[in-house]
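Participant: Let me begin by handing over the structure; questions about it come next.
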Amino acid sequence: MSLAVVTASHSPLMDRAKPAQDVLDRVGDALDSARAFVGSLDPELVIIFGPDHYNGFFYDMMPPFCIGTAATSVGDYGLPAGPLLVDREASRELARAVLGAGLDVAVSERMHVDHGFCQPLQLLFGAIDTVPVVPVFVNCVAEPLGPASRARLLGDAIGRAAATWDRRVLLVGSGGLSHDPPVPRLDGAPPEVAAGLIAGRNPTPEARSARESRVIAAAGAFVEGTSGLRPLNPDWDAEFLHIISSGELERVDAWTNEWCVEQAGHSSHEVRTWIAAYAALAAQGAYTVESTFYEAIPEWIAGFGITTARMETK
């Protein structure tokens, strides 16, 4: 058994908005380092904790957590569409383990995922279907949200189950850090927007393109300082990175959702995917964070981070 972690911010703007070349170079070096880390592990299975941005999960039935026994990429922002290589039996075993630990988790035989899952798979492995995966959806957007502590407990249950396998397992957390992109909220939404949040599956290509164009325009306004989006918060990001490097994951139990939004934006809740991944690693004992990269990148509306960690050898 071998467990390791890669966590990474994602941004649909990575191929659509260009920060300064030195920033791109630093991000590229960090991604190269993460890919080398993954290559050294040579994982037989990837358990990926990811969010959704109203592309696969909607208010007609919004679970706090869901494990996919099959999953298909919707192909947003130019990413590949089509099926992921899901290990169905591993997914079902993890679902049983989570339920057995007293946490409620949904199971999907037809999960749809967006860039929150597919971008890290594409960046780390070159494609979305080259390595067996277990996709674990963590609701980080649709209010009301449970406490961040639930993500920690989810990861702990999954990590305890994965630690019993004789497999090399990579845990991936996708999302965060501080950022407040223009994701619509149900409360106060106009009727046509609310309808999309409730049951907006399978939009027309024109509708998807218009949505993506609005995000790109919002990024431009954010860089110019003319948007109403909350600013990035490198101090909050640094404190979160310290929490995961120290292994003191229980500290997130004291967070309130309102405090996270105030400090780091509505989509800062995506760090729940990192919390789950690190809690899964911590379930087997002590771990070492081997690399940490951070850059505040306004062009991507992201406090952008990448970390790697592995279990300590005994």
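Participant: For the residues HIS179, HIS269, HIS112, what sequence is obtained by ranking on other C-beta atoms within 10 Å, fewest first? Kindly include the intermediate steps, with their values, before the conclusion.
Facilitator: On the way: HIS179 30, HIS269 25, HIS112 19.
The order, fewest Cβ neighbours first, is HIS112, HIS269, HIS179.
Participant: While we're looking at this one, here's another question. Just for the range 2-311, what percent of DSSP beta bridges are antiparallel, to the closest 5? Before the final figure, lay out the partial values.
Facilitator: On the way: 21 of 45 bridges.
Once the DSSP bridges in the range 2-311 are tallied, antiparallel ones form about 45 percent.
Participant: Between the range 234-257 and the range 176-216, what is the C-alpha centre distance in whole Å?
Facilitator: 29
Participant: Right, another one. Which log10 I(q)/I(0) values, to two decimals, does the chain give at q = 0.12, 0.14 Å⁻¹ under the Debye formula with one point per Cα?
Facilitator: -0.74, -1.04
Bear in mind these aren't lab numbers, they're just calculated from the coordinates by the rules spelled out. Quantities reported herein were computed from a predicted structural model and do not represent experimental measurements. Because the Cβ atoms are built from the backbone with ideal geometry, glycine has one as well, and the counts that use them run over all protein chains shown.
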